[in-house]
1. Explain nothing, just compute: Karplus ³J(HN,Hα) = 6.51 cos²θ - 1.76 cosθ + 1.60, θ = phi - 60°, for every residue of the range 212-222 in order, whole Hz, x for Gly and Pro.
2. Between [x] 7, 28, 31, 21, 12, 3, 0; [y] 6, 25, 33, 25, 9, 1, 0; [z] 7, 30, 36, 20, 7, 0, which matches P(r) over Cα pairs in 10 Å bins from 0, in percent calculated for the structure shown?
3. In the full protein assembly as shown, how much of SER132 is accessible to a 1.4 Å probe, in Å² to the nearest 10?
4. Sort out the exposed loop trypsin sites (Lys or Arg not before Pro) in the chain (DSSP loop, at most 13 other Cβ within 10 Å) and tell me the longest stretch that has none.
5. Count the net charge of all other residues whose Cβ sits under 11 Å from the Cβ of SER91, scoring Lys and Arg as +1 and Asp and Glu as -1.
6. Measure nothing but the geometry: give the 0 to 90° angle between the long axis through the Cα atoms of 226-237 and the longest principal axis through the Cα atoms of the chain, rounded to 10°.
7. At a 1.4 Å probe, what is the % contribution of carbon and sulfur to the accessible area of the chain?
8. How high is the relative contact order of the chain, in percent, with contacts defined as C-alpha pairs under 8 Å that are six or more residues apart?
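The values are calculated or read from the model by the stated rules, or taken from the named source; none is laboratory data. Please read these numbers as outputs of a predicted model, since none were measured by experiment. Neighbour counts are summed over all protein chains in view; Cβ atoms, including those assigned to glycine, are modelled from backbone coordinates with ideal geometry. Accessible surface is based on the protein model in full, side chains and every heavy atom, while ligands, DNA and RNA are left aside. Shrake-Rupley method; radii C 1.70, N 1.55, O 1.52, S 1.80 Å.
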Amino acid sequence: MGRPGRGDARHTKGVSPAATLVEALDPLRADPGASAVLLDIDGTLAPIVRHAADAHVPEATRSLLIEIARRYRVVACVSGRRTAVARQIVSIGTIAYVGNHGAEVLLPRATRAQVDPRVAEWAERVSRFAASVDTPELQRLRVRSEDKETIAAFHWRGAPDEPAAHEAVVEIARRAEAEGLAVHWGRKVLEVRPPVALDKGVGVDALLRDAPVQAAVYVGDDSTDLDAFRALRALVDDGRLQTAICVGVSSEETPEQLAREADLMLDGTGGVRELLEALLG
C-alpha cells in the first residue's frame with residue numbers, strides 16, 4: 001500500500017498529502033477512458049535482477065496490466081531499454097512503449113518504433129565509441145556492454161570486483177564526454193548517449209501530446225523517472241492535464257530525490273501490483 005507522499009502540491013492536482021493509494025487514484029478510476037497509466041519496467045513491473053537480460057514481468061502483474069489496457073485510454077511502459085526489448089519483456093502488444101529514455105515510441109500493435117531523428121543521426125558515432133572502449137580489460141572486469149542502437153550502456157552490477165569495475169566505467173564516461181557525447185548514470189549502469197535532449201519526460205510528453213486524457217499516473221523506481229514526474233507536472237501547469245499522480249517504488253537502492261518528489265511511495269514490485277489492482281477495483 002502506498003504511504004503519504006511528499007510531492008509538491010502546487011504541481012499535482014487531486015492528491016492530498018494524506019491520500020491513500022486508492023484515494024489518490026480516484027481521478028483515473030472515475031474516468032478510465034480519459035486517463036493514462038504509465039509505468040517503468042525494471043524495478044517497477046519487473047524485479048531488479050543481476051543480469052538485465054534475465055528480467056521478466058511476473059504473470060500476476062502482466063495479467064493485471066492486460067486488464068488495465070482494456071479499460072484505460074492510454075497504457076504505456078516507459079523504459080531505458082529499446083522498445084523492442086521492452087515489449088518482449090512485458091509481452092503485451094496492445095499497449096505503447098517509450099524506449100531508450102524517450103528516443104523511441106512504439107505505439108500499440110505497431111511493428112516499428114518512431115525514432116527521434118536527432119538521436120538517429122548520432123547512432124553510428126555512439127556505436128563506434130562503444131566498440132572502441134570494449135577492451136579485454138573491461139571484459140576481464142566483467143563490465144557488460146549493451147548495444148541499444150542509439151545508446152550504449154555499461155553495466156557493472158554483479159561484477160566480481162564492483163569498485164574496480166565502477167572505476168573503469170568512470171573512465172569510459174570521461175572519454176565519452178571528451179568526445180562530445182553525453183553520459184547518464186543509473187543504478188550501476190552508465191549510458192553513453194547522443195548530446196541531445198533525451199529523457200523519459202521527453203518521451204512521456206511526446207506520447208501524451210495528442211492523447212485525449214485528463215488524468216495520468218506515472219510509476220517508477222529510479223532517478224531517470226524523475227524526468228517523467230516533472231513532465232507530467234508541467235502538463236498540469238500548462239493546462240493539458242487536470243491531474244498528474246507521481247508514484248515512486250521503494251527498494252534498497254531508492255534515490256532520495258525520488259522519495260522527495262513522489263506523491264506516494266510503494267513497497268517494491270508487490271506494491272505496484274497493489275496499485276494495478278486498485279486501478280481495476
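1. Once θ is set to phi - 60°, the couplings for the range 212-222 become x, 10, 10, 9, 8, 10, 10, 10, x, 10, 10 Hz.
2. Recomputing P(r) over Cα pairs in 10 Å bins from 0, in percent here picks out [z].
3. Approximately 60 Å² of SER132 is accessible to the 1.4 Å probe.
4. 113-208
5. +1
6. 40
7. Accessible surface attributable to carbon and sulfur in the chain totals 49 percent.
8. After rounding, I find 26 percent.
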